[in-house]
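Here is the structure we will look at, set down as structure tokens.
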């Protein structure tokens, strides 16, 4: 599942599609565009424009404007487990083709039209496309984002302290709770806890104020690094999340277990 950094990279790509008049939409994939019927999204958006690309945690949505300049419906785009956003420049400009989402999807793969589940064509000849080989993404009007907690990249110090202190759950489970803090997935949680040298099984409310503040600083640093480098797969501990691996910091064996229902890796010495 794409985590905050991958979705943020995709959001930045969607920004390349803003303020371009929509002339055509292919929304015929009834599974990807559920609960809408074919043509329903097109009827709502053709003739208008995307005016802003927003994100909270792993959720991404666009504000729109109708042809007469009034506010239009919100368009939600979810990448699923392997979705990728492609935005192309106006016709004739082959120098600009932007992609964001799953970093493991190559440009050669995205040329396969059968895996484009949703597309939007603009009056300049360019397009926005959701490429989704596994067909697990989602495009819908007026998505519900109210249940999500504060974005992990934006939570301030006091809010983070309160969120940590309020839970007796294992720390990794608390970080993965999208209602408490939005955007952290399995890999980012392992990276943040390893860099902080904290056990993923430690009860969240046992952290003191200094530990909570340091955890937040590490989270912000890891998130910024993953956005800059192209995804959570670029984290320092990620290549060592496998059997027979050793901690790259101290050399102790890496351990594997289940925390909060998710496969978890940690250093057997520094995170005991």
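When the range 234-272 is examined, which residues are found to be on the phi < 0 side of the Ramachandran plot, within 24 Å of the chain's Cα centre (by Cα) and either in a strand (DSSP E or B) or at pLDDT below 95 (or both)?
Across the range 234-272, the qualifying residues are 258, 259, 262, 263, 264, 265, 266.
Can you give me the ranges of the helices (runs of 4 or more DSSP H) entirely in the range 123-218 with at least 3 residues that are within 16 Å of the chain's Cα centre (by Cα) and surrounded by 19 or more Cβ atoms within 10 Å (Cβ to Cβ)?
186-196
The values are calculated or read from the model by the stated rules, or taken from the named source; none is laboratory data. Computed from a predicted structure; not experimentally measured. Reconstructed Cβ throughout: ideal geometry from the backbone, glycine too, with neighbour counts over all protein chains shown.
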